[in-house]
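J.: Sending over a structure as structure tokens; questions will come in a sec.
No value in this document is a laboratory result; all are computed from the given coordinates. Owing to the predicted nature of the structure, the values given are computational and were not obtained by experimental measurement. Neighbour counts are summed over all protein chains in view; Cβ atoms, including those assigned to glycine, are modelled from backbone coordinates with ideal geometry.
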Amino acid sequence: MRKIKDDIIEKIIFFCGILSIVFVVLIFGFLIKEGISFFKEFGIVDFIIGKFWYPSANPPEFGILSLIVGSVLVTVGACIIAVPVGIMAAVYISELAPKQIKDILKSLVELMAAVPSVVIGFVGMVSLAPLVRVFFNIPTGLTAFTGSIMLAFMAMPTIVTISEDAIRSVPWQYKEGAFALGATKWQTIRRIVLKAAMPGIIAAIMLGIGRVIGETMAVMMITGNAAHIPHSIFEPVRTMTATIAAEMGETVTGGLHYRALFAIALVLFFITFLVNFIADLFLGRSKNK
Amino acid sequence: MKTNLYQNKMLIDDLSCFFSNKCVLENVSLSIIKNEILTIIGPSNSGKTSFLRTLNRMNDFNSDFSRKGNVFLDEENIFHMNMEKLRMRVGMLFAMPIPLPMTVYENVIYAPKRLGVIKHGKKSEMDAIVEQALRDASLWDEVKDRLDSSAMKMSGGQQQRLCIARILAINPEVILFDEPCSGLDPISTAKVEETMIALKKRYTIVLVTNNVKQASRVGDRTAFFLMGRLIEIGGTAKLFVSPKEQKTNDYITGRFG
Ligand SMILES: Nc1ncnc2c1ncn2[C@@H]1O[C@H](COP(=O)(O)OP(=O)(O)OP(=O)(O)O)[C@@H](O)[C@H]1O
Ligand SMILES: [Mg+2]
């Protein structure tokens with residue numbers, strides 16, 4: 001009886017595992033199909049390095065360089081803000097904060113993770129954007145910089161919670177060993193704790209970046225959506241995700257514009273894959289060591 | 001009090017320790033003589049670890065911990081000293097060997113580098129320190145060809161001796177061992193014991209052990225703890241042959257504990 005139950009559970013788990021692979025393959029297949037058919041009509045090189053995105057002009061232009069630059073700019077900006085702040089917050093919560101403050105901070109961070117991105121976008125639009133406009137004295141507050149700040153907010157809970165887990169699971173004995181050698185608390189955190197928790201922290205950063213790259217709603221609302229290559233972070237930009245979301249409704253199914261959006265998705269997929277791959281490379285290296 | 005020929009390295013004066021007001025060590029007074037191996041024996045929960053960890057203030061991290069009485073290192077009150085400086089002079093080795101998650105080489109050089117013993121990280125200077133420390137810990141011959149591999153891949157006995165080397169690299173004056181052989185096989189144990197005996201020429205050693213035989217093998221003097229009290233302290237040979245206290249006798253003959 002128990003054997004049969006075990007068998008059934010094993011089958012179900014196996015099935016679920018296979019299912020998730022099937023989904024990924026299907027999505028990827030679909031992207032490839034539409035993307036390739038687009039590239040056949042409109043060259044892949046022109047697509048990637050083309051500077052102009054005029055999908056409804058005659059003839060249409062499908063250059064996504066400005067969108068790639070927009071996405072990269074906003075993402076990198078968000079990381080520059082979220083990674084150091086997130087890691088320091090995690091260190092503070094797990095190593096330094098007194099018990100009560102720690103509990104409060106943890107629930108606040110969890111709360112932050114639960115805020116839907118539309119709300120973050122909206123708050124950013126009405127509160128942060130005017131602030132940025134006045135503070136930097138620029139024509140509009142809807143800029144790459146504003147987007148980066150809001151996205152950093154969204155990535156932070158992921159980075160903090162997962163890094164905090166990783167830091168907390170560093171064996172107490174490591175710290176004790178370092179203390180017994182005369183290390184100060186700060187030296188121990190920096191040289192021992194952070195080092196031992198590094199794989200987990202890198203995973204946290206990658207998941208955070210993943211959330212930022214894929215984010216659509218908030219960036220659509222606060223980055224200004226101008227499809228041109230910006231000269232500084234204080235100009236409006238448009239990201240790949242926002243383009244897909246904003247324009248999908250206006251396209252004719254199967255049309256060139258429609259397939260162009262799939263091609264963007266393919267590029268996005270490729271970039272995400274690359275990020276994960278690099279992360280794995282790092283993790284693999286630190287594990288073998 | 002310091003009337004004997006020997007020089008006191010540490011002096012424990014009427015020390016009592018508490019964990020959240022529970023008394024785990026009661027009015028312990030004893031001295032630790034320079035270049036001796038003082039072994040501390042006693043059944044579980046008799047306060048041996050608590051005692052040892054007080055000597056280099058490792059208990060200070062525990063907010064439940066409090067103490068009365070004083071401990072002197074070369075006549076200087078350790079509770080008035082800088083904690084990090086104290087731990088550089090009074091090193092500690094734990095029951096479980098805990099190499100840091102780095103290579104063998106980095107484990108040994110970690111503390112000297114951090115403490116600025118070596119100025120600009122001159123490679124030849126670091127190599128010399130690592131080799132000397134590993135030799136003193138009788139580990140050099142076993143690891144000299146794999147200094148750059150992870151310390152986590154070594155055997156338990158090797159890891160424990162690596163931990164000894166790590167402490168030796170900062171040249172402490174006193175080394176505290178808390179049941180360093182409890183997880184080791186007899187051969188590794190013998191190696192660690194040999195190492196300790198070789199080390200007492202240059203260091204003062206306090207060894208807590210659950211193994212009465214081990215205490216009789218390596219100890220110059222032995223102290224017997226029971227339920228937070230120091231019952232008896234004296235020359236190892238004498239204590240094992242003719243203890244003054246009945247309780248000591250019961251314990252070393254295996255009648256309880
Ligand atoms: N961190 C701590 N918090 C609270 N109580 C503690 C702590 N450490 C030790 N104790 C208590 O102190 C008493 C003495 O423990 P200690 O570890 O010093 O004994 P020991 O002689 O080293 O025993 P063993 O031989 O098992 O290692 C025990 O009753 C234990 O419960
Ligand atoms: Mg103990």
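J.: Once you treat every alpha carbon in the range B:34-163 as an equal point and sum by Debye, what is log10 I(q)/I(0) at q = 0.11 Å⁻¹?
T.: Treating every Cα as an identical point scatterer, log10 I(q)/I(0) equals -0.51.
J.: If you don't mind, another one. Work out the mean other chain Cβ neighbour count within 10 Å for the residues of A:180-192 and drop it here as an integer.
T.: Values: counts 16, 17, 17, 7, 5, 3, 0, 5, 1, 0, 1, 5, 4.
Going residue by residue through A:180-192 and averaging, the value is 6.
J.: Right, something else. Taking every DSSP beta bridge with both residues inside chain B, roughly what % is antiparallel (nearest 5)? Show your work: numbers first, answer last.
T.: On the way: 25 of 42 bridges.
The answer is about 60 percent antiparallel.
J.: Now for a separate question. On full extension of the chain, what length is gained from A:LEU274 through A:ILE8, given 0.36 nm per residue of separation minus the C-alpha to C-alpha distance? The partial results should precede the final answer.
T.: Working: separation 266, 0.36 × 266 = 95.76 nm, distance 3.69 nm.
Full extension from A:LEU274 to A:ILE8 adds 92.1 nm.
J.: Can you give the mean number of other chain Cβ atoms that lie within 10 Å of the Cβ atoms in peptide B:95-103? Could you put the intermediate results ahead of the total?
T.: Details: counts 1, 4, 2, 9, 3, 9, 10, 5, 1.
Mean partner-chain Cβ count within 10 Å for B:95-103: 5.
J.: Another one. Taking the Cα centre of the range B:137-257 as the origin and placing charges on Cβ (Lys, Arg +1; Asp, Glu -1), which of B:ALA237, B:ALA215, B:ILE197 is farthest toward the positive end of the dipole?
T.: It is B:ALA237, whose Cα lies furthest towards the positive end.
J.: In degrees, nearest 10, range 0 to 90: what is the angle between the Cα axis of helix B:186-199 and the longest Cα principal axis of chain B?
T.: 90
J.: Between A:LEU194, A:LEU26, A:LEU108, find the one with the highest GNM mean-square fluctuation for chain A; connect C-alpha pairs within less than 10 Å.
T.: Evaluated over chain A, the most mobile residue of the options is A:LEU26.
J.: Among A:ILE44, A:ILE8, A:PHE28, whose Cα lies farthest out toward the positive end of the dipole of the range A:2-48, if unit charges sit on the beta carbon of Lys, Arg (+1) and Asp, Glu (-1)?
T.: Positive-most Cα among the choices belongs to A:ILE8.
J.: Determine the shielding of peptide A:169-179 by partner chains: average, over its residues, the number of Cβ atoms on other chains within 10 angstrom of each Cβ.
T.: On the way: counts 0, 1, 3, 2, 7, 4, 2, 7, 14, 6, 9.
The mean count of partner-chain Cβ atoms within 10 Å per residue comes to 5.
J.: Name the residues whose placed amide hydrogens come within less than 5 Å of the amide hydrogen of B:PHE177, ignoring near sequence neighbours (fewer than 5 apart) on the same chain.
T.: Long-range HN contacts for B:PHE177: B:LEU93, B:VAL206, B:LEU207, B:VAL208.
J.: In debye, nearest 20, what is the charge dipole magnitude of the range A:160-204 about its Cα centre with +1 on Lys and Arg Cβ and -1 on Asp and Glu Cβ, if you could check? It would help to have the intermediate numbers written out before the result.
T.: Details: 6 positive and 3 negative charges, 37 e Å.
The calculation lands at about 180 debye.
J.: Under a cut-off of 24 Å between alpha-carbon atoms, report the lysines in cross-link reach of A:LYS51, not counting same-chain residues fewer than 8 places apart.
T.: A:LYS40
J.: While we're looking at this one, here's another question. Provide, as a two-decimal number, the C-alpha radius of gyration of the range A:2-48 over 2.2 N^0.38 Å, N being how many residues it has.
T.: 2.03
J.: How big is Rg to Rh over the protein assembly as shown, alpha-carbon atoms, Rh as the Kirkwood inverse-mean-distance radius?
T.: Values: Rg = 32.2 Å, Rh = 28.3 Å.
Dividing the radius of gyration by the Kirkwood radius yields 1.14.
J.: Residues of the range B:30-60 with backbone nitrogen within less than 17 Å of a virtual label 7 Å along the Cα-to-Cβ line of B:LYS200, please, listed as ranges.
T.: The answer is B:31-41.
J.: What FRET efficiency, computed as 1/(1 + (r/R0)^6) with R0 = 45 Å and r the Cβ-Cβ distance, is obtained for A:ALA246 and A:LYS102, rounded to the nearest 0.05? Mind dumping the intermediate values first?
T.: Values: r = 42 Å, r/R0 = 0.93.
Using R0 = 45 Å, I get an efficiency of 0.60.
J.: So what's chain B giving for Cα Rg divided by 2.2 N^0.38 Å, two decimals? Write down the numbers at each step before the final one.
T.: Details: Rg = 18.4 Å, N = 257, 2.2 N^0.38 = 18.1 Å.
The value comes to 1.02.
J.: Treat the count of other C-beta atoms within 10 Å as a stand-in for reagent exposure and order A:ILE64, A:ILE18 from fewest to most. Working shown, then result.
T.: Working: A:ILE64 25, A:ILE18 10.
The order, fewest Cβ neighbours first, is A:ILE18, A:ILE64.
J.: If I model a spin label at B:ASN62 and B:ASP74 as a point 7 Å from the Cα along the Cα→Cβ vector, what separation in nanometres do I get?
T.: Inter-label distance under the simple model: 2.9 nm.
J.: Using +1 at the C-beta of Lys and Arg and -1 at the C-beta of Asp and Glu, which of B:SER16, A:LEU268, A:ILE68 has the Cα lying farthest in the positive direction of the dipole of the protein assembly as shown?
T.: B:SER16
J.: No solvent, one uniform scatterer per C-alpha: report log10 I(q)/I(0) for the range A:208-284 via the Debye equation at q = 0.14, 0.18 1/Å, two decimals.
T.: Reported log10 I(q)/I(0), two decimals: -0.56, -0.84.
J.: Step by step: find N for the range A:1-140, compute 2.2 N^0.38 Å, then divide the Cα radius of gyration by it. What's the final number?
T.: Values: Rg = 24.2 Å, N = 140, 2.2 N^0.38 = 14.4 Å.
The range A:1-140 yields a ratio of 1.68.
J.: Give me the three principal axis extents of the range A:12-84 from the C-alpha atoms, as integers in angstrom, largest value leading.
T.: Taking the Cα atoms of the range A:12-84, the three principal extents are 53, 42, 19 Å.
J.: So, one more: Place a +1 charge on the Cβ of each Lys and Arg in chain B and a -1 charge on the Cβ of each Asp and Glu, then give the dipole magnitude about the Cα centre in debye, rounded to the nearest 20. List each step's numbers first, then the result.
T.: On the way: 35 positive and 29 negative charges, 28 e Å.
With Lys and Arg at +1 and Asp and Glu at -1, about 140 debye.
J.: Follow-up question, since we're still on this one. Give me B:VAL108, A:VAL252 sorted ascending by neighbouring Cβ count inside 10 Å, so fewest comes first. Don't skip to the end; give the middle numbers.
T.: Working: B:VAL108 32, A:VAL252 8.
Going from least to most buried by this count: A:VAL252, B:VAL108.
J.: Can I ask one more? Pairs of Cα atoms under 8 Å, at least six residues apart: use those to get the relative contact order of the range B:8-252, whole percent.
T.: Numbers: 462 pairs, mean separation 69.7, N = 245.
Normalised by residue count, the contact order of the range B:8-252 is 28 percent.
J.: I'd like the orientation of helix A:256-288 relative to chain A: the angle between its Cα long axis and the longest Cα principal axis, in ° from 0 to 90, rounded to 10.
T.: Result, in degrees: 20.
J.: Calculate the dipole size of the protein assembly as shown relative to its Cα centre from +1 charges on Lys and Arg beta carbons and -1 charges on Asp and Glu beta carbons; express the result in debye to the nearest 20.
T.: Working: 58 positive and 47 negative charges, 267 e Å.
Taking the Cα centre of the protein assembly as shown as origin, the dipole is about 1280 debye.
J.: When B:SER20, B:SER29 are ordered from fewest to most other Cβ atoms inside 10 Å of their Cβ, what list results?
T.: So the ranking, lowest neighbour count to highest, is B:SER20, B:SER29.
J.: If Rh is defined by the Kirkwood formula over all Cα pairs and Rg also comes from Cα, what ratio Rg/Rh do you get for the range A:68-288?
T.: Result: Rg/Rh = 1.05.
J.: Still on this structure: Under the rule of -39500 (n - 2.57) per DSSP H run of 4 or more residues, summed and divided by the residues of chain B, what mean residue ellipticity at 222 nm is obtained, to the nearest 500 deg cm²/dmol? All intermediate terms of the calculation are to be shown ahead of the outcome.
T.: Details: 10 runs with 91 residues, N = 257.
Rounded to the nearest 500, the figure is -10000 deg cm²/dmol.
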